[in-house]
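Visitor: Once you've had a glance at the structure underneath, I'll fire off some questions.
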Amino acid sequence: MRRIATIGVYGFAAEAFLERLTGAGVGLLLDLRQRRGVRGPDYSWANSARLQSMLAAADIGYRHVKELAPTTELRRLQYREDDRQGVGKRNRVALAPEYAERYTREILDPFDLGALVAELPSDSVTALLCVERDPEACHRSLVAERLRAEQGLPVTDLRPS
């Protein structure tokens, strides 16, 4: 049976990130980021080429699903709400309601999740990746909830210790 996990970059060192994936039985990582880089030296391991190399060495597949990434306009909408609340992306705890509604309507609703699910491995966990530590603060939670509700897939959130 196919299974889904979610994971963010923030809060992990490279080794702990990889240990969390392998410990959860992840065989494929779906990168849901629009821009596949993370600023700052603490998270340089999560930049696309380095991340893909690290995953390949651990025998974990990688796929960029840019169609599920938020647009620049949507990201800016969320940043404005973050500014209004006085939080940053690294310590956000929830998505702005308008962001969640528009992401769902503009990105998630038109996307064929059934076709994606049909391509997922059935013998390992597939992880949805973005940068935010907590899934509730990230669009990956919206994708995961849709996979749970419409495809009946169990979802586990992988968080830093």
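Where a number appears in this text, it was derived from the coordinates with a stated rule and is not lab data. Fair warning: this is a prediction, and the values are worked out from it, not measured in the lab. Note that each Cβ is placed from the backbone with ideal geometry, even for glycine, and that neighbours are counted across all protein chains shown.
Visitor: Once you have the Cα-Cα distance between E145 and A16, take 0.36 nm times their residue separation minus that, and quote the gain in nm to one decimal. Intermediate values should be presented prior to the final figure.
Guide: On the way: separation 129, 0.36 × 129 = 46.44 nm, distance 2.52 nm.
Answer, rounded to one decimal: 43.9 nm.
Visitor: Moving to a separate point now. Each residue of region 44-54 in turn: what ³J(HN,Hα) in whole Hz from Karplus with 6.51, -1.76, 1.60 and θ = phi - 60°, glycine and Pro shown as x?
Guide: Each residue's phi maps through the Karplus curve to give 4, 4, 8, 5, 2, 5, 5, 4, 4, 5, 4 Hz.
Visitor: Something else about it: So how much slack lies between L28 and E98, counting 0.36 nm per residue of separation and subtracting their Cα-Cα distance, in nm?
Guide: Values: separation 70, 0.36 × 70 = 25.20 nm, distance 3.06 nm.
Computed gain between L28 and E98 is 22.1 nm.
Visitor: Moving on to the next point. At 7 Å along the Cα-to-beta-carbon direction for both R90 and A56, put a label point, then send me their distance in nm to one decimal.
Guide: 3.0 nm
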